[in-house]
Amino acid sequence: MEPYVQGGPMSFWRSRRRTLWVCAAALILILLLWRPGADRFRARLEQSLGSALGHKVEIGYVSLQILPRPGFNLSQLSVRDDPQFSLEPILRADESVGHLASEFAMALAD
């Protein structure tokens with residue numbers, strides 16, 4: 001039986017694996033703490049929701065949500081009614097969360 005040699009090949013791979021785990025953990029922590037702004041998607045979301053609902057949609061601010069499920073946090077969401085019927089919005093929400101469908105997430109992974 002050979003004695004354990006300090007700095008041998010197993011030590012190199014263990015330290016490399018540990019370094020990769022530390023870097024991955026740091027990246028995940030950074031993404032959780034610094035949620036990138038998604039406000040650049042606001043106009044696109046307003047247009048998509050508006051065409052789906054058939055009413056004008058206004059969103060105050062958009063941010064990304066990573067955990068527990070990927071999606072968007074929408075603040076100051078309002079869906080306007082036709083001005084001929086009412087000047088008040090049909091729906092007004094201070095906070096709203098929209099999750100990505102699993103089919104969409106799988107399509108992004110391909």
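Every number here is computed from the coordinates shown, using simple stated rules; none is lab data. Predicted model, so just to flag it, every value in this text is computed and none were measured. We place every Cβ from the backbone using ideal geometry, glycine too, and count neighbours over all the protein chains shown.
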The local net charge around Val57, scoring Lys/Arg +1 and Asp/Glu -1 for residues other than Val57 whose Cβ lies under 12 Å from its Cβ, equals +2
How far apart, in nm, are the 7 Å Cα→Cβ label points at Ile28 and Ser75? 2.7
